[in-house]
Amino acid sequence: MRKIGQKALHDIFSRLNIGRHGGHRVDRHGVGIEATHDTKLYEYGDPFNLDLQHSVMNAVRRNGKGTPVRMTPEDFEVFRTENLNQCSTVLMLDQSRSMGLNGCFEAAKKVALALHSLIKMQYPRDQLHVIGFSEYAHELQHEDIPTSSWGSYYPGTNMQHALVIARRLLAKQRYGTRQVLMITDGEPTAHLEQGIAYFNYPPTWRTIEQTLLEVKRCTKEGIIINTFMMEQDPYLMRFVQEITKINRGRAFYSSPGHLGEYIVTDYINNKRRKRIA
């Protein structure tokens with residue numbers, strides 16, 4: 001499960017924005033806090049992290065043997081640095097009845113535990129929140145994840161309420177990358193009307209509209225939504241496509257029995273930015 005978490009997080013974090021120093025590598029060189037062993041000739045505007053040994057040798061090669069060694073700016077060689085970024089994540093865990101009836105919830109909960117452990121151990125500067133959602137959404141404390149369960153006396157998959165809480169939690173983090181990871185097996189079947197959950201199956205257009213409105217609000221606030229869909233029904237895939245079309249996030253499709261063999265569908269530009277010297 002940890003390997004699954006590492007692969008998923010690597011794909012997601014590969015597109016982080018430059019922000020406050022944290023623990024994730026970005027596919028660009030720049031002013032960072034971690035020096036690498038790579039060097040380059042100094043150019044105007046570069047951080048002056050001078051590699052003295054290579055710089056002196058460049059001057060010796062240019063002038064030949066003898067002392068004193070006279071250096072010019074053309075001899076300067078500087079260390080490259082890696083940008084490190086901080087990330088705030090809200091993990092949305094679907095607790096609706098279908099997640100349990102279809103055998104998805106236990107697999108989803110294991111992923112949640114793996115991601116939480118991975119972030120806690122390898123990225124301690126990051127913020128992680130977990131939200132469970134069915135008829136209503138609520139924040140789960142990390143220690144409650146192992147004993148969390150699916151289903152309730154009332155049906156519903158209230159993604160809209162979960163996204164409302166996610167936006168509120170991420171609003172506290174003003175720097176770095178902010179993202180939502182949503183693990184679900186279906187479309188939204190409930191939304192809030194004046195604070196009360198309204199449920200209908202099949203979902204009404206009002207529920208779909210209110211859910212996508214929250215997606216638009218997240219997008220406007222710079223929050224990335226990455227969806228882990230546990231079913232591959234064409235209708236559900238069209239709904240996920242609509243989310244990714246609005247938000248420009250990513251979608252991961254997987255069956256519960258073969259979570260590690262998920263199919264990654266990327267709806268944004270697949271060309272990774274090259275490292276800039």
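Laid out as a table, the results:
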| quantity | calculated |
| --- | --- |
| Residue within the stretch 108-126 that is at pLDDT 80 or above, surrounded by fewer than 24 Cβ atoms within 10 Å (Cβ to Cβ) and either over 17 Å from the mean Cα position of the chain (by Cα) or in the same structural domain as Glu209 (by TED's automatic domain parsing) (or both) present | yes |
| Enumeration of residues in the stretch 127-148 that are within 18 Å of the chain's Cα centre (by Cα) and hydrophobic (A, V, I, L, M, F, W, C) | Leu128, Val130, Ile131 |
| So Pro203, is it at pLDDT below 95 and surrounded by fewer than 18 Cβ atoms within 10 Å (Cβ to Cβ) | no |
| Subset of the stretch 203-238 [in a strand (DSSP E or B) and of a type outside the set (Phe, Trp, Tyr)] | Ile223, Ile224, Ile225, Asn226, Thr227, Met229 |
| Val240 being modelled with pLDDT of 90 or more and either of a type outside the set (Lys, Arg) or more than 15 Å from the chain's Cα centre (by Cα) (or both) | yes |
| Residues that are among the aromatic types (Phe, Trp, Tyr) and within 16 Å of Met92 (Cβ to Cβ), drawn from the stretch 219-251 | Phe228, Phe239 |
| Residues satisfying the stated conditions in the stretch 243-277, i.e. modelled with pLDDT under 90, in contact with a Phe, Trp or Tyr (Cβ under 7 Å, 6 or more places away or on another chain) and polar (S, T, N, Q) | Ser254, Thr265 |
| Every pair of residues 6+ apart whose Cβ atoms lie under 6 Å, when the first sits in the stretch 170-187 and is at pLDDT 85 or above while the second is acidic (Asp, Glu) and part of a loop (DSSP other than H, G, I, E, B) | Asp185/Glu231 |
| Within the stretch 127-147, considering residues that are farther than 26 Å from Asn200 by Cα and among the aliphatic types (A, V, I, L, M), the one surrounded by the most Cβ atoms within 10 Å (Cβ to Cβ) | Leu128 |
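Residue-wise test of (1) assigned to a helix (DSSP H, G or I); (2) free of Cβ contacts under 8 Å to residues at least 24 places away in the same chain; (3) under 24 Å from Tyr253 (Cβ atoms).
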site	(1), (2), (3)
Leu113	yes, no, yes
Lys120	yes, yes, no
Leu128	no, no, yes
His138	no, no, no
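The values are calculated or read from the model by the stated rules, or taken from the named source; none is laboratory data. Note that this is a predicted model, so its numbers are computed, not measured. Every residue, glycine among them, receives a Cβ derived from its backbone with ideal geometry; neighbour counts consider all protein chains shown.
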